[in-house]
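Inspection log for the structure reproduced underneath, given as structure tokens.
Laboratory data are not the source of any read-out in this text; all were calculated from the coordinates shown. In this text, all values refer to a predicted model and were calculated from it rather than measured experimentally. Note that each Cβ is placed from the backbone with ideal geometry, even for glycine, and that neighbours are counted across all protein chains shown.
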Amino acid sequence: MNLKTFFKAKTVQIVSVAIIGLAVGFFGGRVIERSSSQSPEAVDLVYTQEPAQAQEGFQTMNNIQAAFREVSSQVLPSVVEIDVVNVVQAQLPNILSPFDFFFPQGSPNDQPRQQEFRQEGLGSGVLVKRAGESVYVLTNNHVVGEAEEITVKLADGRSFTAKLVGADPNKDLALVMFTTEQSVPLAELGDSDTLQVGDWVLAVGSPLGFHSTVTEGIVSAIGRESLPGSAIASFTDYIQTDAAINQGNSGGALVDIQGRVVGINSWIASPSGGNVGLGFAIPINNAKSAIEDLITKGRASYGWLGINMGTLPLQDAGSKNGNDLTGAFVYGVYGGSPAQKAGILPGDMITAVNGEQITDSTQLLLVVGNLEPGVTADFTILRNQQQLVLTVNIAERQGEQALADQAKRLWPGLSVVQITPELRSRLDLPRNTGSLVIGAVVKGSPAGVAGLRVGDILRKVNDHKVASVADFYRAVNEPDAREFMLEVSRQNSDYRIGLVR
């Protein structure tokens, strides 16, 4: 059966057609006749022949069932179970026996004993590539990232010892490899950019250890972001599906009705820890480049712009730059970064990259992260209500610790917020206190080293009154100035604090 032709056929009008056909067949095609001479208790049921609509309904359901069978048989051999063992250290207390009271052998200050424990874990993976005898399996970083031992079990029962090739915590992806001369079925990778809400998908994996399990559902949403403040990887968006996903499905395949892998199952949202119809998968297009990076370098490469960013400051809400404006607001720029070299300034609003509209800072993080280090990109900037286009040479993003070590180069290292009537009331501030309050200070930055604190009321910069967020950024962006004197109010006391760029 040609699945593509089948699912495009007019006869397949989703399950509703089948339901209508069944209803007509079972109820419309059965005629109940009651003889006037019979008592109400004596009723003869006379069945007529099922109409053509019912037959079409049955055929539609059979076709759908046959399609699911074919997709399952195509995909199952390329989805594997991954068993892992983590070796962890734990402290054991020094337990004294009754004899130790009379014959002490040690000191009360003896350190607790260290002992290794083996923790077993379970996940899934997808066979994505072969190079000679090396077979590569794509899975989640949270499945194998800390594993000491990795075993890959194929659907046909074969088992192989594997090793970690590389991991990408930013996208929660990892690649493991085993060697074999035997034939191994590889998955067909699809195009996740073509997915639409309502598309049929199957989730394949080993939930709770039940190997080669297939569940069915639809694409509930696309472009989902990770939960704020959670440990869920944030350098990717997610496909949401109601196909049943449980523990052990992580790293398994989300496939379309052609049997092509369109996502790697990653996490679920659930109050109980079990499936409630809220499963999330990493789009396969977000993993394709990572596969080659992990093979060649053991890690994934990301583009880096070099800014501290967030949402538009409250001051501009409702103005020309406010509710109707989307983009990422630049709170700070790292010295020597691609952004600084290109001329991006604190206070700029980034609204597009290479013509792609930017809705918020999360999208900008994904767009920049997916740019190849070394390429140039055009950034559309809104500055003082004027639009600029700046060309940026993208650098490679370093690890989180390396970025934290560069905090001293982040200018100015703080964010300011307009004091609204609601905020003034909540903080119990006098009306003449000022117009701006410091909302955040980056540790180790010039602002942090200078001693500025969250909650400081900002009044002046270099003896010039600042009444708006725009006033503040115009002041700190003075090209020829390297030292700035800030006048702040803190707990009813005034301070002058120097800030050095």
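How big is the Cα convex hull of region 165-232 in projection, averaged over all directions, in nm²?
On the way: hull surface 28.5 nm².
So the mean shadow area of the Cα hull is 7.1 nm².
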Set of aspartates and glutamates with alpha-carbon distance to residue 297 below 12 Å, sequence-local pairs under 8 removed: 168
Residue 427 versus residue 218: modelled label distance in nm, points set 7 Å from Cα along the beta carbon direction: 4.8 nm
Under-5 Å amide H pairs with residue 371, H placed in peptide plane, nonlocal only: 303
Shape parameters for region 107-229, alpha-carbon atoms, Rg then Dmax in Å: 18.7, 68
Karplus-derived HN-Hα couplings along region 462-475 (A = 6.51, B = -1.76, C = 1.60, θ = phi - 60°), whole Hz, x at Gly and Pro: 6, 6, 9, 5, 10, 9, 9, 4, 4, 4, 5, 6, 5, 5
Amide hydrogen neighbours beyond the local backbone of residue 308, cut-off 5 Å, H modeled: 331, 332, 333, 334
Equivalent ellipsoid semi-axes, region 303-404, via Cα gyration tensor eigenvalues times 5, rooted, Å: 22, 14, 12
Karplus-derived HN-Hα couplings along region 68-81 (A = 6.51, B = -1.76, C = 1.60, θ = phi - 60°), whole Hz, x at Gly and Pro: 4, 4, 5, 4, 4, 5, 6, 8, 3, x, 9, 10, 10, 8
Karplus-derived 3J(HN,Hα), 6.51/-1.76/1.60, for each residue of region 400-411, Hz, glycine and proline x: 4, 5, 5, 5, 5, 5, 8, 4, 5, 9, 8, 10
Cut-off under 5 Å, modelled amide H: who pairs with residue 166 long-range: 175
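If R₀ is 45 angstrom, what is the calculated FRET efficiency for the pair residue 389 and residue 85, using the beta carbon separation as r and rounding to 0.05?
Numbers: r = 53 Å, r/R0 = 1.18.
Efficiency, rounded to the nearest 0.05: 0.25.
Would you mind putting 481-490, 213-222 in packing order, based on average other-beta-carbon counts within 10 Å, highest first? Write down the numbers at each step before the final one.
Values: 481-490: 15.8, 213-222: 18.1.
With the highest mean Cβ count within 10 Å placed first, the list reads 213-222, 481-490.
Which ordering of 326, 351, 60 is given by a fewest-first count of other beta-carbon atoms within 10 Å?
On the way: 326 14, 351 18, 60 23.
The most exposed by this proxy come first: 326, 351, 60.
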Binned Cα-Cα distance frequencies in region 412-500 - 10 Å width, integer %: 17, 56, 24, 3
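Which of the pairs 171/408; 288/408; 171/460 have their Cα atoms more than 31 Å apart in this structure?
Values: 171/408 28 Å; 288/408 35 Å; 171/460 43 Å.
Those over the limit are 288/408; 171/460.
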